[in-house]
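J.: Structure provided below as structure tokens; questions to follow.
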Amino acid sequence: MKVVILAGGFGTRFSEESQYKPKPMIEIGGMPILWHIMKEYSHYGFRDFVICAGYKQDVIKNWFADYCIRTNDVTFDFRSGDNNIIIHRRKCEPWVVTVVDTGLNTMTGGRIKRIQPYIGNETFMMTYGDGVCDVDIGKLAEFHKSHGKLATLTAVKLEQDKGVLVLEKNNTVRAFREKRRVDGTIINAGYMVLEPGVFDYIEGDETVFEKEPMEKLAAEGQMMSYRHSGYWQCMDTKHERDILDELLARGVAPWKKWSD
């Protein structure tokens, strides 16, 4: 099952660093948050990634192009005049990574629509490139398969300015809307599992996935929530990045289930 990660936005709320790189490439603990998200999925055996790039996509492509050099000891042998590169130990990830140009100003739904040729007629996962979570992704996938709906999203109970979910007792999502000042705290944390049928709910580049497509899926009873009571944190600001950095420095980052 492929994992689609949205990584093409401008990240304007974190302009201190996003003016130089896409927000998913901002580092926590010395590695981009995008890498941390991919390590989460890889821990559960999901290792085929499609990155929806846009703003400063060259940063993402160049980072992966140099990944083995970045993460291993390297010898550069210039004696023959050919600049031979010897990578020692070759500690690389068992990943397939496809970075797709989904447009500079494309909305979230449009980005998902644009990667349809790389997904085909298969179930896929989708999440945002700026948040980490300790949800059991294997169990999330099993839950999705069990109910037969088109979409599953991970729901967490936090006070955040994200999309608000209206849930029934059996966890069916009955409505999806923007947060209001007086709302409670069950929110959409991403970490979705989607059937290819969701592509039919997206019109084009101007479609915001969290609006018409998700609202329609909810209204038709085609969206389920996987309730997660553990850790989730987005990284919209420097303050939130510092929180994640501190957890990593202390060795207590809840999302870090892999061994180095």
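J.: Within segment 189-260, report the chymotrypsin sites (Phe, Trp or Tyr not before Pro) that DSSP leaves as loop and that have at most 16 other Cβ atoms within 10 Å.
T.: 231, 258
J.: If you don't mind, another one. Of the trypsin sites (Lys or Arg not before Pro) in segment 217-259, which ones lie in a loop per DSSP and count no more than 11 other C-beta atoms within 10 Å?
T.: Answer in residue order: 250.
J.: Here is a follow-up. Under 5 Å between amide H atoms, partner at least 5 residues away or on a different chain: which partners does residue 47 have, H built in plane at 1.01 Å?
T.: Sorted by chain and number, the residues that satisfy this come to none at all.
J.: Continuing with this model, one more query. Provide the per-residue ³J(HN,Hα) series for segment 17-27, in order, calculated from phi with Karplus coefficients 6.51, -1.76, 1.60 and θ = phi - 60°, each as a whole number of Hz, with x at glycine and proline positions.
T.: Along segment 17-27, the couplings run 10, 5, 5, 9, 7, x, 3, x, 9, 5, 8 Hz.
J.: What list of ³J(HN,Hα) couplings, whole Hz, do you get for segment 223-233 from phi and the Karplus terms 6.51, -1.76, 1.60, once you set θ to phi - 60° and write x for glycine and proline?
T.: The phi angles translate into 10, 10, 10, 9, 6, 10, 9, x, 8, 8, 8 Hz.
J.: What residues of segment 220-246 lie in the reach of a label at residue 136, counting those whose backbone N is under 16 Å from a point 7 Å from the Cα along Cα→Cβ?
T.: 226-231
J.: Taking H as built 1.01 Å from N, whose amide H comes closer than 5 Å to the amide H of residue 221, not counting residues under 5 places away?
T.: Result for residue 221 returns nothing.
J.: With θ set to phi - 60° and the Karplus curve 6.51 cos²θ - 1.76 cosθ + 1.60, what are the ³J(HN,Hα) couplings of segment 87-103 in order, to the nearest whole Hz, using x for Gly and Pro?
T.: Values, residue by residue: 9, 8, 6, 6, 7, 10, 7, x, 10, 10, 10, 10, 9, 10, 6, 9, x Hz.
J.: Near the amide H of residue 231, under 5 Å away, which other amide H atoms are found, from residues 5 or more places off or on another chain, if H is placed in the peptide plane?
T.: Correct list: 134.
J.: A further question follows. Among the trypsin sites (Lys or Arg not before Pro) within segment 79-113, which fall in a DSSP loop and have no more than 14 other Cβ atoms within 10 Å of their own Cβ?
T.: Here the trypsin sites (Lys or Arg not before Pro) that fit, given the DSSP loop and packing criteria, are 79, 89, 90, 91.
J.: Between 63, 193, 3, whose Cα lies farthest towards the positive end of the dipole of the chain when Lys and Arg beta carbons carry +1 and Asp and Glu beta carbons carry -1, centred on the Cα centre?
T.: 193
J.: Let me ask something else about it. Starting from the exponent 0.38 and prefactor 2.2 Å, build the expected Rg for the chain from its residue count and divide its actual Cα Rg by it.
T.: In units of the globular-protein estimate, the chain measures up at 1.04.
Since every read-out is calculated from the coordinates, none of them should be taken as a lab result. From a predicted model like this one, the values you see are computed outputs, not experimental measurements. When we count neighbours, we look across all protein chains shown, and the Cβ atoms used for this are built from the backbone with ideal geometry, even at glycine.
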